[in-house]
Amino acid sequence: MSARPNFILFITDQQRFDHLGCNGHPVLQTPNIDELAQEGVNFDRFYVASPVCMPNRASLMTCRMPSSHGVRSLGVPLAHENVTFVEILRAAGYDTALIGKSHLQNVTDWAAQIEPPERREGYAQPPEDLAVAIRSGLDAASYQYEQQQFWMQDHPKVPTPFYGFDHYDSVLRHGTMAGGDYELWLKNEAPEIMPLRGRENQLPHDYVCPQAIRTRIPEDRYSTRYIAERAREWIRGRKGNPRPFFLMVSWPDPHHPFNPPGRYWDMYKPEEMPVPAAYAANDWEPPEYVRIAERDRARDRTLGQRAGYSVAVSEREALEARALTCGMISMIDDAVGLIRGSVKDAGLDDDTVQIFTSDHGDHLGEHRLLFKGAEQYDSLTHVPFIWADPKGAKGERSQEIAQTQDIGTTILEHARVAPPVGMQGVVLSVAGGAGREAAHIQYETQRTQEAFGARPRVHTIIHDRWRLSIYLGKCANELFDLADDPGEMTNLWDSAAHAEIRSRLIERLAEMEIAVANRVPLPTAQV
């Protein structure tokens, strides 16, 4: 038995806090994750650092905020000068492995959507190598390992260590067209599956919600099962190995497209799903970004089939998306059960901390929206977090505020490994820390949007019963009372009765922004 604990971090993609049985979903069955919660501490107030994949996953790895590690939005790879907590564990003698989705680098070769600067007549333009204020080198070959062009080579293999992981079985992108090592495995082990992939090859169905795809891929060849089996194989391979380990098991589901395979497709019915409040709230005055989304969808009903950002949906579409999402989560829950069984069979369960979380949420019909965007609603920022230590508390629920960037620092503390200077996560109470007073969230996107403006930014604080968000651009700022208005339907920003709390929250947000301004690199001399 290892003198230091092992860690398994289960992470899903785009799973809201309330989409677990143990977190109160009235229909969804997640017995294996619920069992994990009974074996540990389930956090009721866990938030992301940024409600979108790449920035939040970079915050997970670096224990720092997007403004500090540099992955402010989708499309920015995590620069190698950032130290990850996985590298620190590895240096302390841990074996490290990532099986599934990384998304620390770009997974497409699509051109950036940033509008070029205006060229002014009579002004000399800087040369290409001086056109951006910081030289980055982010177009180097070492940042292309998750793009399709890398995987089109003969016998591609990502060099390790990869951000601290000595073992990496990759699953890139989402749905039936997932790539990386998973796609190579399909080609070698089940070539008959390859022609079944894609929207154009799906089974017939009557669902109308955007990106509902009834895949022909059987359950045992779907990426969720592939990840589970690779994880089980890695755990079995540790027989007789006395070294402690950190294993991250990362599923690309339940992120859209909504394509649960086999029996998971019709495991849940749309009519069983809770109806989001916005569809019944006749007196609700939607914010401008919802009104624009509804107008755009009315003009183009196919918009949601290609969009990755928030789109307006009907009640029927929302309920269908919810039912299919539940099917995808149930498949993940079954996979969690398989992996946990392998941990027990290997005799590692008494010395392994098992953790469950997600990288951000999905509107799933809240405020009549689907997917995710610059909006800062609880449905996007609030995710599950379960910490199950076999030697720690059991069956507890915590009201402690915690965030994604705190996961790595808490793991390091529990492993008795000192963090590097400059990490910004705090140690949570499960590892003897004090947690945090408020959540601090940063969001940016490169895509100009009518409601939000060019390259919109929004920073948020969640403190006590309040959520305050300040938008840089066109969108109106927001203040919500999460106790009296948990659905975030009434914006109190302009309320005279709430002027004092608004001022206090703005001041606290400013303090938090100052606190996460980089203090690294360190000075090299006194003067």
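One table, with the values for the structure above:
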item	result
FRET efficiency, E500 to A277 (Cβ-Cβ, R0 30 Å, nearest 0.05)	0.60
Distant-in-sequence amide H partners of G433 (H built 1.01 Å from N, under 5 Å)	L428
Between segment 78-93 and segment 267-343, the alpha-carbon center distance in angstrom	36
Accessible area per residue, Å², the chain with all protein chains present, probe 1.4 Å	43
Sequence-distant residues sharing a close amide H with M248 (under 5 Å, placed H)	L9, A97, L98, I99
Distance (nanometres) between label positions extended 7 Å along Cα→Cβ at I193 and A124	5.9
Length-normalised contact order for segment 255-358 - Cα pairs under 8 Å, 6+ apart - percent	43
Translational diffusion coefficient (Stokes-Einstein; Kirkwood radius from C-alpha pairs) of segment 251-349 at 4 °C, 1.567 mPa s, in µm²/s	81
Per-selection Rg to Rh, segment 293-348 - Cα, Kirkwood hydrodynamic radius	1.31
Whole-Hz ³J(HN,Hα) from phi, Karplus 6.51 cos²θ - 1.76 cosθ + 1.60, for segment 195-212, glycine and proline x	x, 8, 7, x, 4, 5, 10, 6, 6, x, 7, 10, 6, 10, 5, x, 6, 8
Directionally averaged projected area (convex hull, Cα atoms, segment 67-135), nm²	7.1
Proximal aspartates and glutamates relative to K344, as straight alpha-carbon distance under 18 Å, when same-chain residues fewer than 8 apart are discounted	D34, E35, E39, E229, E233, D333, D334, D389
Simple spin-label estimate for D220 and T108 in nanometres, 7 Å along Cα-Cβ	3.4
Segment 119-246 - Kirkwood radius from inverse mean 1/r over Cα pairs (Å)	18.5
Whichever lysines have a C-alpha closer than 22 Å to that of K474, once near sequence neighbours (fewer than 8 apart) are set aside	K372
12 Å tail of the calculated P(r), segment 328-373, as % of Cα pairs	73
Whole-number percent relative contact order across segment 191-299, with pairs defined as alpha carbons under 8 Å at least 6 apart	26
Global form of segment 170-210, assessed from the alpha-carbon gyration tensor, a/c cut-off 1.5	oblate
Anisotropy class of segment 338-429 from Cα gyration tensor, a/c 1.5 cut	oblate
For peptides 295-301, 358-364, sequence by mean Cβ density within 10 Å, most packed first	358-364, 295-301
Overall Cα dimensions of segment 15-94 - principal axes, largest extent first, Å	44, 33, 18
Distance violations [Cα-Cα > 24 Å] among K239/K394; K187/K239; K101/K269; K157/K187	K239/K394; K187/K239; K101/K269
Pairs of alpha carbons in the chain whose separation is greater than 42 Å (percent)	15
Solvent-free Debye scattering, log10 I(q)/I(0), computed from the Cα coordinates of segment 355-498 at q = 0.10, 0.11, 0.15 Å⁻¹	-0.42, -0.51, -0.88
Relative contact order (percent, whole number), the chain, Cα cutoff 8 Å, 6+ residue spacing	25
Segment 51-188 - percent of accessible surface contributed by carbon and sulfur, probe 1.4 Å	53
Accessible-area value, H255, 1.4 Å probe, nucleic acids and ligands omitted, Å²	20
Förster radius 35 Å - calculated FRET efficiency between A298 and E437, Cβ distance, rounded to 0.05	0.20
List H155, H19, H459, ordered by accessible area with a 1.4 Å probe, largest first	H155, H459, H19
Inter-site label distance for I514 and E315 at 7 Å from Cα along Cβ, in nm	5.0
T302 accessible area, 1.4 Å probe, all protein chains in place, Å² to nearest 10	70
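The values are calculated or read from the model by the stated rules, or taken from the named source; none is laboratory data. Given the structure is predicted, the values throughout are model-derived calculations rather than measurements. For neighbour counting, all protein chains shown are included, and Cβ atoms are generated from backbone atoms with ideal geometry for every residue, glycine included. Remember, those area values only see protein heavy atoms, side chains included, never the ligands or the DNA or RNA. Shrake-Rupley method; radii C 1.70, N 1.55, O 1.52, S 1.80 Å.
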